[in-house]
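Notes follow the structure.
The values are calculated or read from the model by the stated rules, or taken from the named source; none is laboratory data. Computed from a predicted structure; not experimentally measured. With ideal geometry, Cβ positions are generated from the backbone for all residues, glycine too; neighbour counts draw on all protein chains shown. All accessible areas refer to the heavy atoms of the entire protein, side chains included, with ligands and DNA or RNA removed. Shrake-Rupley method; radii C 1.70, N 1.55, O 1.52, S 1.80 Å.
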Amino acid sequence: MRVVLIASLCAAMAACGDDDGDPEAESTTTAGEAGSTGDGEGASGDPLRIGHLNLQEFVPEARLGAEVAADYVNTELGGVNGRPIEYETCDSDPSPEKTIDCANQLVESGVELVQVGIDVNLDAAMPIFESAGIPVTGHVALTPQARTSDDAVFFGASFVSGAAAPLYHLADEGIESVTYLMGESPASHELVESGVEPVAESLDLDYDTVYFDASTDFAVLVATAMADDPDAIGSPVATEPECLGFIGALRSAGYDGTIIAGQCTSFIEELGPDAAAGVLTISDRWRPDDPDAAPEAKQEDIQTYVDAMTAAGEEDAINGFAFFYFATTIDMARALEGVTGEYDGASMLEAMKAVKDVDSFMGPTISCDGSLVEDESMCSTGWLTYEVTDEGSMRALSSDFVDGS
């Protein structure tokens, strides 16, 4: 995977250059060692050792959210059936070789489960974990083998459903024509053909796709997209640099239709509220920066997250991507409470796959048994739509999750 993609992911997580540690260092950390998030009864059983694989130099918020959540589980919830979560960490880099090296290290360390933050080379490690009987979990499966593995459970929403989700909102708003801007790749074509176009047709939307590559001039790209004067233009899966490029170009060209920016957020600060206002984004969890929009139970979840991050001294990261990983770590811990008897790879995988019609933390009802997303390791198809306000904040347009499948 090219370094430019890693840089894009880095910007997408708004987390580059925040880690002062050695990105190649591995360590064992029992969540809660750095200080308690509260006064709950702490876990005192044998540690539940979980590997954590992450592009730490580029996306530290992925591990931050997981570690703060594990600390909350250990100190406030009494651990997982009394066992504290203990992380064995390994920091990957843009090379498949480092991911493979991390996989071998985690297997040799004797972990019973591997939780992934972000690793775009995860497929290189999947055969190693599978042969060792170690299941893989996390928030989102970024790679094809992880997305379809029988030995993986990811508690977030399917990419395919995410690509289609904005179309439902746009159709409800009376939008008649939509043009997506998609990076040129076989995966993009498959996503459009198998996920986006069928939904657009079912909604009677006039849909088109304009593909682009790394050398594309965004001014030329948006001029092509604007040629047929669609009501909405954008991308549900763009990286932060791509969102910044096409949003800026659309504003410069005087486009006054609806703009779709997937899960991007950094364009708000980069372009300013005037240019960012009205842009639509999506999320598979209720965002902490608009808590009042969420149902009461989810507001309580959000407050739990905010309190835990504040107690950990991470107030500046509250509205960043850490909340995804905090939420799905709580979901993981709740699922692992279902293990009876010995904790090993098989029993933990069985417990996670037994999650069906369960209310997730800060999110929708999830099912990890394959009933929601056939042949995928994802547990949800639910998405929310947000809009950037005139002040540059996020405002939820959804009152509930939309099934993007």
- Item | Residue identified as out of contact with any Cys (no Cβ under 8 Å at 6 or more places or on another chain), under 24 Å from residue 62 (Cβ atoms) and open to solvent by less than 10 Å² (accessible area, probe 1.4 Å) among 138, 195, 156, 183 | 138
- Item | Residue identified as in a loop (DSSP other than H, G, I, E, B), hydroxyl-bearing (Ser, Thr, Tyr), open to solvent by less than 40 Å² (accessible area, probe 1.4 Å) and out of contact with any helix residue (DSSP H, G or I) (no Cβ under 7 Å at 6 or more places or on another chain) among 371, 398 | 398
- Item | Residue, least open to solvent (accessible area, probe 1.4 Å), within the stretch 39-77, restricted to residues that are polar (S, T, N, Q) and under 20 Å from the mean Cα position of the chain (by Cα) | 54
- When restricted to 128, 175, the only residue in a loop (DSSP other than H, G, I, E, B), hydrophobic (A, V, I, L, M, F, W, C), over 23 Å from residue 60 (Cα atoms) and open to solvent by 10 Å² or more (accessible area, probe 1.4 Å) is 175
- Task: For residue 133, state whether it is over 29 Å from residue 263 (Cα atoms) and surrounded by fewer than 24 Cβ atoms within 10 Å (Cβ to Cβ).
- Result: yes
- Here the residues within the stretch 198-218 that are of a type in the set (S, T, N, Q) and open to solvent by less than 80 Å² (accessible area, probe 1.4 Å) are 209, 216
- Message: So if I check each of 250, 221, 244, which one is open to solvent by 30 Å² or more (accessible area, probe 1.4 Å) and either part of a helix (DSSP H, G or I) or among the polar types (S, T, N, Q) (or both)?
- Response: 244
- Query: What are the residues in the stretch 374-395 that are out of contact with any helix residue (DSSP H, G or I) (no Cβ under 8 Å at 6 or more places or on another chain) and among the aliphatic types (A, V, I, L, M), if any?
  - Reply: 384, 394
- Message: Of all residues being under 23 Å from residue 333 (Cβ atoms), in a helix (DSSP H, G or I) and touching a residue at least 40 places away in the same chain (Cβ under 8 Å) in the stretch 104-124, which is farthest from the chain's Cα centre (by Cα)? Just the residue, please.
- Response: 109
- Residues of the stretch 329-368 satisfying the condition of being within 18 Å of residue 73 (Cβ to Cβ), of a type in the set (Ser, Thr, Tyr), open to solvent by less than 10 Å² (accessible area, probe 1.4 Å) and assigned to a loop (DSSP other than H, G, I, E, B): 360
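Yes or no, residue by residue, for (1) within 13 Å of residue 393 (Cα to Cα); (2) out of contact with any His (no Cβ under 6 Å at 6 or more places or on another chain); (3) at pLDDT 95 or above; (4) crowded, with 16+ Cβ neighbours inside 10 Å:
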residue: 265; (1), (2), (3), (4): yes, yes, no, yes
residue: 279; (1), (2), (3), (4): yes, yes, yes, yes
residue: 298; (1), (2), (3), (4): no, yes, yes, yes
residue: 306; (1), (2), (3), (4): no, yes, yes, yes
residue: 312; (1), (2), (3), (4): no, yes, yes, yes
residue: 321; (1), (2), (3), (4): no, yes, no, yes
residue: 325; (1), (2), (3), (4): no, no, yes, yes
- Kindly indicate whether any position in the stretch 388-395 is surrounded by 19 or more Cβ atoms within 10 Å (Cβ to Cβ) and outside any strand (DSSP E or B). no
